[in-house]
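The values are calculated or read from the model by the stated rules, or taken from the named source; none is laboratory data. What you are looking at is a predicted structure, and each value in this text was computed from that prediction instead of being measured. For neighbour counting, all protein chains shown are included, and Cβ atoms are generated from backbone atoms with ideal geometry for every residue, glycine included. When the accessible area is computed, the model is the full protein with side chains, heavy atoms only, and any ligands, DNA or RNA have been set aside. Shrake-Rupley method; radii C 1.70, N 1.55, O 1.52, S 1.80 Å.
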Amino acid sequence: MRLTTKGRYAVTAMLDLALHGNQGPISLADISQRQAISLSYLEQLFAKLRKSSLVSSVRGPGGGYELQRSSTAIFIAQIIDAVNESVDTTKCQGKGDCQGGDICLTHYLWEDLSEQIHQFLEGISLADLVAKKEVKQIAQQQDRKQLIGSENSLETQQEDLDAMRVPVSSL
């Protein structure tokens, strides 16, 4: 089966957005940090997701991205389709030139499987994934790691500021 990184990352980022959507607009930097996906890659994906009306952007301080509609109305297949991905199990990427330019004996079997997988993903919404206990537990772990990372970063910044302070008496 061919589902590339692009499709996986798009689904992961959208699930992160759905999990944190109650906090208002979510920055791509936060998603990047929690999911270990490069910020520039997320920007490319979210341009496509926005074009497909799955997300909307909010500008200004506290801005970021929000789901354009309810997580119950956004399905995994839509996300994969939005980033120009396909779920393809054929050797020839559906072209029918699997065997030296000709169609192979099992081409239609794999093509049917690809369609079954797509239909399966059409039936799973972001809300379905958000409701899973395991997904919630993983999200909580990621949030804790992000919080600890932020606290450590603030402590380091404070230490740097303290080191730069010069006592008034030495001036």
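Pop a pseudo-label 7 angstrom from the Cα along the beta-carbon direction at both ASN84 and ARG59 and give the gap in nm to one decimal.
2.6 nm
Given the options THR106, THR12, THR90, which has the most mean-square fluctuation in a GNM of the chain, springs set between C-alpha atoms less than 10 angstrom apart?
Ranking THR106, THR12, THR90 by mean-square fluctuation puts THR106 first.
Tell me, what is the per residue accessible area of the chain in Å², probe radius 1.4 Å?
63 Å²
Give me a comma-separated list of calculated 3J(HN,Hα) values for the stretch 20-26, in order, Karplus coefficients 6.51, -1.76, 1.60 applied at θ = phi - 60°, integers in Hz, x for any Gly or Pro.
Couplings: 10, x, 6, 9, x, x, 10 Hz.
In the structure displayed, which of LYS51/LYS133; LYS91/LYS133; LYS6/LYS91; LYS91/LYS136; LYS51/LYS145 lie more than 28 Å apart, Cα to Cα?
As for pairs spanning more than 28 Å Cα to Cα, those are LYS51/LYS133; LYS91/LYS133; LYS91/LYS136; LYS51/LYS145.
Using only Cα atoms, tell me the angle between helix 133-164 and the longest principal axis of the chain; keep it within 0 to 90° and round to the nearest 10.
30 degrees
Using a Gaussian network for the chain with springs between C-alpha atoms less than 10 Å apart, which of these wobbles most: GLY64, GLY96, GLY21?
Residue with maximal mean-square fluctuation among GLY64, GLY96, GLY21: GLY96.
Please name whichever of GLY64, SER40, GLY149 sits farthest to the positive end of the charge dipole of the chain, dipole taken about the Cα centre and charges placed at Cβ: Lys and Arg +1, Asp and Glu -1.
Farthest towards the positive pole: GLY64.
Multiply the residue gap between TYR41 and LEU147 by 0.36 nm, knock off their C-alpha separation, and tell me the result in nm, one decimal place.
In short, 35.9 nm is gained.
Amide H neighbours of THR89 under 5 Å, counting only residues 5+ apart in sequence or on other chains, H built in-plane at 1.01 Å?
ARG2, SER114
Can you give me the distance in nm between label points at GLU122 and GLN68, each placed 7 Å from the Cα along the Cα-to-Cβ direction?
Between GLU122 and GLN68, the label points sit 1.9 nm apart.
Carbon and sulfur atoms: what percent of the 1.4 Å accessible area of the chain do they account for?
52 percent
Is there a quick way to get the dipole size of the chain? I mean about its Cα centre, with the Cβ of Lys and Arg at +1 and of Asp and Glu at -1; what is the value in debye to the nearest 20?
Dipole size: approximately 220 debye.
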